[in-house]
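Scroll down for the structure; my scribbles are underneath it.
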Amino acid sequence: MYVRLAAIAISLMFLAGCDYTVSLVQTPVTPIDKALVGTWSQKADDGHVQHLLVLPLGANEYLVSYPAGEKDAMFARACFCSIDNRTFVQLTWFGTAQGVTPDDERVFQYATYSLKGETLAINLLNPDVVKRDAATPEALVQAVAANRDNPNLFRETMIFTRERLPDDPHARLARPPMPAAWQ
């Protein structure tokens, strides 16, 4: 019970604590990397497995859920953008499985990723280095460029492993899955 309450509190703080108010992409134009699509998992310090779900939302955008399948799951739209000649992912968090929506304009996060085999490494931009108060897209890009060599430009790397697909991914489900928030 306490673990669940802590997880819900953390996700609400995460959603409320999104980092930036500035969007670098209004209309996604860069095609998605299909290799990112799927379910990814990581073990938390307490041994609980957390899932990251990445689905195509169109040719140039993803739907992201984290921790996917949990009552406190958060949802974002994601697309690629360029900052200082590097490819970043712009995440726009818009709600949780509990129906909580952001109460301010601070809904953006920026990340880089690397994919090696079945391992996905994600690095979120560190708001302690690139301050949250960037008022324009240009100011945010300049702040990232000014800190390009800072070893703390990103938060601690999050490592995920691709979840194995079922033996027959086309097999009919016994019943439609129930959203975690309804359980």
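Structural remarks
- Ranked by the mean number of other Cβ atoms within 10 Å of their residues, highest first, the peptides 66-79, 130-143 come out as 66-79, 130-143.
- Over segment 2-164, relative contact order from alpha-carbon pairs under 8 Å, at least 6 apart, %: 23
- Distance between segment 99-171 and segment 22-60 - C-alpha centres, whole angstrom: 10
Read the figures in this text as sums done on the coordinates, not as results from a lab. Just so it is clear, the model here is predicted, and its values are computed rather than measured. With ideal geometry, Cβ positions are generated from the backbone for all residues, glycine too; neighbour counts draw on all protein chains shown.
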